[in-house]
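Since the structure comes first, as structure tokens, the remarks are kept for the end.
Every read-out reported here was derived from the displayed coordinates using simple, explicitly stated rules and does not represent laboratory data. Note that the structure is predicted; figures quoted are calculated from it, not measured. Cβ: placed from backbone, ideal geometry, glycine included. Neighbour counts: every protein chain shown.
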Amino acid sequence: MQVIIHKGSHEIGGNCIQISSGKTTILLDAGLPLSADSKPVDLSRLSVDALLVSHPHQDHFGLMASLPPGTPIYIGKLARSLIDATQVFIGKQRYALDFRYFQAWQPFKIGDFTITPYLVDHSAADAYAFLVEAEGKRLFYSGDLRSHGRKEILFRNLIERPVRGIDALFLEGTMLHRNNDLFPDEKAVEDKILETIRQQKNISFLLASSQNIDRVVSAYRACIKAHKLLVVDIYTAWVLEQLRQVSQSTPTVDRPEVRFLATHSQDQRLKDNPDYFGDFRNRLYRRHRVERAELHANPESFLYFGKMSNFRLIDKFKNTAAPVNVIYSQWLGYLEGNHADYFGCDKVSAFRYDPAVNFVYAHTSGHATVEALQKLVAALNPKRLVPVHTESPEDFGKICSKAERATDGVPFVI
Ligand SMILES: [Zn+2]
């Protein structure tokens, strides 16, 4: 197998790995770089037989539309639905690409390759690692994964029933210089949310990604235990609706403990796309709605699952009697500097020093710790280890002595 890492050998985000065997060439992920300094790979003239998308995070799929028209794109069905949901709510067209769906653990063929997707635990739903086989060689691509989310059993399965005979493991290393000690798992996050909202005298806001389903579940479970109501926006309600494809246990706005708060702009998306949303708007408004006045009348009854752009709404609940709880539940790095994608990050950052706000941090990473990666490598026992999705490939030695160093754009053979 011929391999070219177009991007990802020295950075977090922008993953794009090309693999060729015989007459077939595939890409593993076509990600948009996370860093503004990193130039996106030009895929427009790349002739490949297929793209495999590991999960619905921009830094893994964001460039898929720049491939030559007609390139087949293999992806999880739910992952595709979640990407569609975001497109519609940001007012863009859904991707009209040649999507083909794979099933977890079901091998399929693309030309000379046999691919087996392994469902993994990550902060995105419907995330996969891929076993890629050709010419009697086996390559395993981790995608993004971790061992400490609500689907940690998937990580345990990888270790307890490892894929044998791996010639090369392409392994993510996001956490090489980050630690996860404060909140080692999702349960710890749930506990912190519960502790924060249990005795609240004012409303609580939890700021997190709506597509971090584990986090929505943590908020929901904490609300049930604390006898509070979980409030989501219409976009989050629609994201949760997509989860019905794979789970009946994920909370949706149908649950008695969940409400939604309408905004004009999100409601307009529902009205503008009736074919896409079907009867969702009718079902939503028939019940489940909470008005702003109700939040102000009994603020202590609610936990609002929001995002940084909700800073104005948060401001409205500030008073002298009781602080507003702002539970910041995503990577702290977003509060530093100016992230264009995070409208409101400077305002939320200032909440840390605002006496009218009780600012609480509660987050666990979407990525495996060094210790978890060590266990995975020990179990898979690959002949070669190639770091990807890391800023520190030179430090992969602490995961495994066999770790190599690849360079973006430089071909090598497995
Ligand atoms: Zn990811």
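Distances between placed amide hydrogens fall under 5 Å for PHE359 paired with VAL326, all partners being 5 or more residues away or on another chain. Positive end of the dipole of the range 36-106 (Cβ unit charges, origin at the Cα centre): among LEU51, VAL41, ILE83, the Cα lying farthest that way belongs to ILE83. Each part gets one Cα centre, and for the range 374-414 versus the range 258-307 those centres are 46 Å apart.
When both the range 65-104 and the range 156-198 are represented by their alpha-carbon centers, they are found 27 Å apart. Counting only residues at least eight positions apart within a chain, or on another chain, the aspartates and glutamates with an alpha carbon under 18 Å from that of LYS109 are ASP29, ASP49, ASP98, GLU133, GLU135.
Note down the magnitude of the dipole of the range 165-318 about its Cα centre, charges +1 on Lys and Arg C-beta and -1 on Asp and Glu C-beta and zero elsewhere, to the nearest 20 debye.
Working: 24 positive and 21 negative charges, 150 e Å.
Roughly 720 debye for the range 165-318.
Ranked by how many other Cβ atoms sit within 10 Å of their own Cβ, fewest first, the residues VAL348, VAL232 fall in the order VAL348, VAL232.
How high is the relative contact order of the range 315-414, in percent, counting Cα pairs under 8 Å that sit 6 or more residues apart? The partial results should precede the final answer.
Numbers: 83 pairs, mean separation 23.2, N = 100.
Across the range 315-414, relative contact order equals 23 percent.
When only Cα pairs below 8 angstrom with a gap of at least 6 residues are kept, the chain shows a relative contact order of 21 percent.
Beta-bridge orientation, the chain: approximately 45 percent antiparallel, per DSSP, counting only bridges with both partners inside. Here, P(r) means the percent of Cα pairs in each 5 Å bin from 0 to the largest distance; for the range 140-223 it is 3, 11, 17, 21, 16, 12, 8, 6, 3, 2, 1, 0. With the convex hull constructed from alpha-carbon coordinates only, the range 299-367 shows a mean projected area of 5.0 nm² over all directions. What pairs in LYS151/LYS375; LYS77/LYS271; LYS7/LYS375; LYS225/LYS347; LYS151/LYS225; LYS228/LYS347 have C-alpha atoms more than 28 Å from each other? Over 28 Å apart, Cα to Cα: LYS225/LYS347.
Consider a paramagnetic label point 7 Å from the Cα of ARG94 along Cα→Cβ; state which residues of the range 229-270 have an amide N under 20 Å from it. Backbone N within reach: 234-247, 253, 266-270.
Evaluating 6.51 cos²θ - 1.76 cosθ + 1.60 at θ = phi - 60° for every residue in the range 301-313, the Karplus couplings come out as 8, 10, 10, 9, 8, x, 9, 4, 5, 7, 4, 5, 4 Hz, glycine and proline recorded as x. Between ALA356 and ALA293, the simple spin-label model (points 7 angstrom out along Cα→Cβ) gives 2.3 nm.
The HN-Hα couplings worked out from phi for the range 352-364 by the Karplus form 6.51 cos²θ - 1.76 cosθ + 1.60 (θ = phi - 60°) are 4, 10, 9, x, 7, 10, 9, 8, 10, 9, 8, 7, 10 Hz, whole numbers, x standing for Gly and Pro. Sorted ascending by nearby beta carbons within 10 Å, beginning with the fewest, GLU391, GLU190, GLU11 become GLU391, GLU11, GLU190. Assuming charge only on the beta carbon of Lys and Arg (+1) and of Asp and Glu (-1), the dipole of the chain about its Cα centre is about 920 debye to the nearest 20. For the chain, a Kirkwood hydrodynamic radius built from all Cα pairs, placed in the Stokes-Einstein relation at 20 °C and 1.002 mPa s, yields a translational diffusion coefficient of 96 µm²/s. Taking amide H as placed 1.01 Å from N in the peptide plane, the amide H of THR263 sits under 5 Å from that of ILE234, each at least 5 places away or on another chain. Rounded if a/c is under 1.5, else prolate if a/b is larger than b/c, else oblate: which is the range 194-302, with a ≥ b ≥ c the root eigenvalues of its Cα gyration tensor? Judged from the Cα gyration tensor, the range 194-302 comes out oblate (a/c at least 1.5, b/c at or above a/b).
At a threshold of 8 angstrom on Cα-Cα distance, excluding pairs fewer than six apart, so keeping six or more, what relative contact order does the range 111-208 reach in percent? That works out to 20 percent. Database remark: amide H of LEU229 closer than 5 angstrom to the amide H of PHE302, LEU303 (H placed geometrically; neighbours at sequence offset of 5 or more, or on other chains; Pro and chain starts carry no H).
Any idea how far apart TRP105 and ASP254 come out in nm if each label point goes 7 Å out from Cα toward Cβ? About 2.6 nm separates the two model spin labels.
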